[in-house]
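Accompanying notes for the structure given below.
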Amino acid sequence: MVLDTPVSTDTAGIGRFCRQYLQLESDLDYPPPVHLRDARVQDILYRRIFADGALPYPPPRRYQLRVLKELVSRVESSIEDWDLYGVSEDLMAALSHLLAFPLPSEAVAVQQKSYVTYSLPALDQSNNLDSPPAQITLLEFRHLISAAGTTGLRTWEAALHLGKFLCANPSFIRGRRILELGAGTGYLSILCAKFLAPTLAIASDGSDDVVANLPENFFLNGLQESGLIREMDVKWGHALVGTEDEHWNGGRPIDTVLGADVTYDKSVIPSLIGTMEELVGMFPKVTILIAATERSRQTFDVFLGVCEERRLNVEDIGPKIPRRQDQEGPFYNDHVPIRICRITKSVEL
Ligand SMILES: C[S@@+](CC[C@H](N)C(=O)[O-])C[C@H]1O[C@@H](n2cnc3c(N)ncnc32)[C@H](O)[C@@H]1O
């Protein structure tokens with residue numbers, strides 16, 4: 001049945017649902033029943049995310065199947081009068097297609113890499129409906145906390161929160177040379193290079209596997225030929241100067257250093273801070289911004305203690321994490337605090 005009232009993808013919750021789906025969220029906000037039974041809403045959902053070829057980098061089939069099954073069941077429950085409403089044939093055909101496809105076991109699936117697409121609606125130009133949505137797509141080991149000796153093969157919430165902060169405060173990035181420490185999947189460096197116009201963003205990490213994976217994520221975001229981003233091996237605590245060159249990074253300065261979720265392990269905090277000190281020594285005007293997930297107050301206190309010993313000032317500058325229902329994308333946990341801090345050299349009196 002086609003209704004006369006226009007359907008807005010925002011009020012129907014379609015945009016939010018699609019953004020959560022692309023980010024492989026486990027708890028999705030399905031559109032409410034009054035919209036779900038509307039044939040036009042089902043058609044938009046089909047064309048946006050379930051039609052063959054709708055997405056260049058679709059979620060894993062197991063996830064597609066779980067979400068589509070739940071969606072169809074919610075559409076069915078939303079219908080009181082089957083003479084007026086029904087379930088879209090396209091959605092039913094997509095569901096049958098997925099059901100017919102052999103899926104890997106749960107145990108195998110968690111070991112596989114998945115495409116994850118993060119949406120940044122705050123960067124979308126509301127007056128230009130033709131421009132593609134601001135998104136970052138990454139290939140990640142979504143379900144593994146740690147693999148191949150690194151925690152950097154998936155994106156952590158601190159990176160999403162710091163990215164949101166940088167989108168709201170682009171002057172930290174625009175026209176600047178950026179070095180990201182412990183870059184992992186490269187989310188922040190990619191965000192900078194794709195949307196925030198740095199002079200250069202260097203995504204660095206100490207894990208060989210992580211550094212080797214970065215070019216693929218640059219490629220997924222159309223940055224493979226870009227002069228705005230590159231990867232680099234930087235191991236905290238290993239001297240920067242005197243390793244590859246007499247002048248680190250060919251003598252080119254760094255203006256902003258970023259680090260997301262790099263303070264999680266007490267044992268590596270002194271090396272991390274050693275690298276920050278060396279950077280401040282080489283580039284006295286550098287701005288260091290870190291996003292620290294406070295899983296344990298004790299670990300963060302170790303970080304603060306070592307900074308104090310080395311005469312580095314730590315100042316909280318970030319906003320609180322928005323409540324989950326107020327997040328438009330990217331989506332992240334609103335229960336564990338994440339602090340955004342600026343680190344500067346203390347002035348000797
Ligand atoms: C929790 S992950 C955070 C990744 C990314 N910043 C994010 O928020 O998604 C920590 C990252 O720090 C890197 N790392 C850990 N110890 C390191 C060290 N000693 N030197 C350089 N990088 C290191 C890991 O390889 C990993 O990529």
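Pairs of Lys residues in the stretch 114-345 are counted when their Cα atoms are under 23 angstrom apart and they lie 8 or more places apart or on different chains; the count is 7. Here the spin labels are modelled as points 7 Å beyond Cα on the Cα-Cβ line, and at Ala212 and Asp10 they lie 4.6 nm apart. If you plug the beta carbon distance of Asp233 and Leu99 into 1/(1 + (r/R0)^6) with R0 = 51 Å, you get a FRET efficiency near 0.65. Take the Cα of Val108, step 7 Å toward its Cβ, do the same at Ser226, and the gap between the two points is 3.5 nm. In the stretch 14-109, one over the average inverse separation of all distinct C-alpha pairs is 13.8 Å, which is the Kirkwood hydrodynamic radius.
One decimal place: the segment Gln125-Asp90 gains 9.5 nm when fully extended, by the rule 0.36 nm per residue minus the C-alpha distance.
Fraction of C-alpha pairs exceeding 32 angstrom in the chain: 37 percent, rounded to a whole number. Using a simple spin-label model with pseudo-atoms 7 Å out from Cα toward Cβ, Ser171 and Thr199 lie 1.8 nm apart.
Each reported figure results from applying straightforward, stated rules to the coordinates on display, with no laboratory input. None of the values given here were measured: they were computed from a predicted structure. Glycine gets a Cβ as well: all are built from the backbone with ideal geometry, and neighbour counts include every protein chain shown.
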